[in-house]
Amino acid sequence: MIKKWKKIWILFFVLCSGMAFHACAEGETEDPQNLYARSAVLMDGDSGRVLFAKEEDTELPMASTTKIMTCILALELGKQKDVVTVSERACMQPEVHLGAAAGTRFYLEDLLYSLMLESHNDSAVMIAEHIGGSVEGFADLMNQKAEEIGCVRTHFVTPNGLDASDEEGSHHTTAKELARIMSYCINQSPKKEAFLQITRTGEYTFTDLDAKQSYFCRNHNAFLGMMEGALSGKTGFTSEAGYCYVGALKSEGRLFVVSLLACGWPYNRSYKWSDTRRLMEYGMEHYHKVGLVEEVTLPAMQVVNGIAKDGNPWSKVEVGLRVQENDTMPTEYLLSDREKLERRISVQKMKYAPVAAGEVVGKVQYFLGDTMIKEEMIITVEKVPERRMEDCLKWVLKRYSVF
């Protein structure tokens, strides 16, 4: 009888364990830790803050996601009606390619749609040679721009993302820096609107300048139709890089950027869409904008050796204070459900006269952990002159004249 009950309890334990494991497995679908990509980042596109990361600093090849840098540089340094001529080197690029013959002429604008919608490798070389004088010269410009926007683990060798190396290393980036480049393209570049227009276009048709042939491009960024608020993105694949993706979404004033590197190889084409959706949904569910503009009540500050408005040199003198708004820093910040900002106020208790109007006497700072998010100055609202001997004499004479 005891053995029978023992078997029943063992069976019950196994069933419960199985149910718990199944529940855990179901819960994992909501957990962005379980991603296909080897390296992944979810970034706040406004602040550049990394909200979720998996091997975010691992240096990996990025395939055709490279072309977001090629596109933004061409927009910033070229003109859309520039005439670009196909070179022999461009003709030698592997598929996917536009396939135009050497000597064919195009407008730069048309080639940018070819670059971003169909990911044509020869169009990337045409653009690079036109803007940089050569592929190598354009790569130098790409690396300079990467450094300008804070990418220290990125190295560009080609404008199309094909696997390559030079004397400084292989063509690579990190998930964090790829997300940073995308954030620049859609949110900081002076040509961000043109970039968004190109990358959001569904279909585009153009001809060469001699109208000998017509070319049709279709956008292969499936993410644009996958989630509401999808803003931009670029796919990529090479044998070394695997499937890669970088994309952006805007929702309720929040800008999310996702970057994925080494997200599967052939037969895993859909992995990047699954990872992108999970990271975007995670961001939208857990991160919300919090205002940074709060009313601050400040006591008046004592001024030593100052003269009061009524001229009495022996009156207590104080000066009003106010917070000077800082328009160069954010008024909102993206926080998770578990995070809270700390406001720190530091202000002088007293100051020796003379005091000028608008003089900085303190700070209001907002911190997330050890990171300062915003800083505003506390300033005086009026001037206070220094008390002089003649002020005292005038006051005494005034008082005696009354009697």
query: In what sequence, highest mean first, do 216-224, 182-190 appear when ranked by Cβ atoms within 10 angstrom?
result: 182-190, 216-224
- prompt: Please state the relative contact order of the chain as a whole percent: Cα pairs under 8 Å, 6+ residues apart?
  reply: 15
Reciprocal of mean inverse Cα separation for the chain (Kirkwood radius, Å): 25.5
- prompt: Put +1 on the Cβ of each Lys and Arg and -1 on the Cβ of each Asp and Glu in segment 107-187; which of Thr154, Leu111, Ala139 then has its Cα farthest toward the positive end of the dipole?
  reply: Thr154
Test item: Cα-centred dipole of segment 309-376, Lys/Arg +1 and Asp/Glu -1 on Cβ, debye: 380
- prompt: To the nearest 10 degrees, how steeply does helix 271-286 sit against the main Cα axis of the chain, on a 0 to 90 scale?
  reply: 20
- prompt: What's the angle, to the nearest 10 degrees (0 to 90), between helix 67-77's Cα axis and the longest principal axis of the chain?
  reply: 60
query: Between Lys309 and Glu252, 0.36 nm times their residue separation minus their Cα-Cα distance comes to what?
result: 15.5 nm
query: Using alpha carbons only, how many degrees (0 to 90, rounded to 10) separate the axis of helix 2-27 from the longest principal axis of the chain?
result: 80
query: Excluding ligands, DNA and RNA, what is the solvent-accessible area per residue of segment 150-242 at a probe of 1.4 Å, expressed in Å²?
result: 45
- line: If unit charges are put on Cβ atoms (+1 for Lys and Arg, -1 for Asp and Glu) and the dipole of the chain is taken about its Cα centre, the option from Val364, Thr85, Ala353 lying farthest towards the positive end turns out to be Ala353
task: Give, in nm to one decimal, the length gained when the segment between Lys316 and Val296 is fully stretched (0.36 nm per residue of separation minus the Cα-Cα distance).
output: 4.8 nm
task: Could you pull out every one of the aspartates and glutamates with an alpha carbon less than 19 Å from that of Lys383, ignoring same-chain neighbours closer than 8 positions?
output: Asp310, Glu318, Glu359, Asp391
query: Quick one: length gained pulling Ala101 to His286 fully straight, 0.36 nm per residue minus the C-alpha distance?
result: 61.5 nm
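The values are calculated or read from the model by the stated rules, or taken from the named source; none is laboratory data. Quick caveat, the model's predicted, so the values are computed rather than measured. In this analysis, Cβ positions are derived from the backbone assuming ideal geometry, glycine residues included, and neighbour counts consider all displayed protein chains. Accessible surface is based on the protein model in full, side chains and every heavy atom, while ligands, DNA and RNA are left aside. Shrake-Rupley method; radii C 1.70, N 1.55, O 1.52, S 1.80 Å.
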